[in-house]
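The next block holds one structure in the form of structure tokens; read it before the comments.
Where a number appears in this text, it was derived from the coordinates with a stated rule and is not lab data. Keep in mind it's a predicted model, so treat the numbers as computed, not measured. Cβ: placed from backbone, ideal geometry, glycine included. Neighbour counts: every protein chain shown.
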Amino acid sequence: MNKKPLKIKPTCQICGCDQRRELYHASLVRPVLADLIHNEHGSFVEDGWICNKDIQKYRHQYVQHLLQTEKGEISSLEQEVIDSLRQQEILATNPDTELFAGLTFGQRMADQFAQLAGSWGFIFTFSGVLVIWIIVNTINVFKQPFDPYPYILLNLVLSCIAALQAPIIMMSQGRQEARDRLHARRDYQVNLKAELEIRHLHQKVDHLLMHQWERLVEIQDIQLELINEIKNRT
Ligand SMILES: [Zn+2]
């Protein structure tokens, strides 16, 4: 007569409990959980048993671990933003202040003169002076007109003003061009920075979509598992 083979009583690989109702086959444990258990208990194999209490414990540990890495990643993102804010100076400064700071007295005078010469006020005032000059020298307000017809002195004065006006306006125009160049360079810098920031934001959004979504789905999976277990018990 053959000896009846000894049936090994199933026990939990972690705590060693042998209540049949509480035991699950280890192959039913989620692979990520199995890895976690294997890390702590090197002897854990898929071909054994594990009790419900231990599954709950490791499930809890795993979700906590997920949430902690999530938290760590969010705080590292925040750190990155803070660092970038600290390192990168704000480029959107007013280029005019930089330009006006280095101006000499003569350059400022030239600017003001060019602004004055290009106004309606200057044209009306100058026309008035010319008309008064001509009237005074035509209808003999004084005993002797100081510049009789054909107003040679007036011609000389006008020629002198024109000769001086041209280089002063050119001086002012040259600086206007320099200001335009500075504006263009600043615009380029701001555009470049905006482009880089947008790329940075894209990367952040991609990161959120890829990693956090994955983790949320995993946590939801575990929750569904728990719900199913509760359902089966009732
Ligand atoms: Zn156990």
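Observations on the model:
- Placing a label point 7 Å from the Cα of residue 220 along the Cα-to-Cβ direction, the residues of segment 22-65 with a backbone N closer than 20 Å are 30-33, 60, 62-65.
- A simple spin-label model places pseudo-atoms 7 Å from Cα toward Cβ; at residue 152 and residue 39 they are separated by 10.6 nm.
- Inter-part distance where segment 202-220 and segment 154-176 are each reduced to a Cα centre, Å: 68 Å
- Under 5 Å between amide hydrogens, built in the peptide plane, is the criterion, and for residue 51 it picks out 13, 14, 15, 24 among residues at least 5 positions away or on other chains.
- Summarising the label geometry, the points placed 7 Å from Cα in the beta-carbon direction at residue 182 and residue 46 lie 7.1 nm from one another.
- Rounded to 10°, Cα long-axis angle of helix 120-138 versus longest principal axis of the chain: 0 degrees
- The label-point distance for residue 123 and residue 173, in a model that sets each label 7 Å from Cα toward Cβ, rounds to 1.8 nm.
- Karplus (6.51, -1.76, 1.60) ³J(HN,Hα), θ = phi - 60°, over segment 179-196, in Hz, Gly and Pro reported as x: 5, 4, 4, 5, 4, 5, 5, 5, 4, 4, 4, 5, 4, 4, 5, 4, 4, 5
- Longest site-free stretch - the chain; sites: chymotrypsin sites (Phe, Trp or Tyr not before Pro), DSSP loop, at most 12 other Cβ within 10 Å: 1-141
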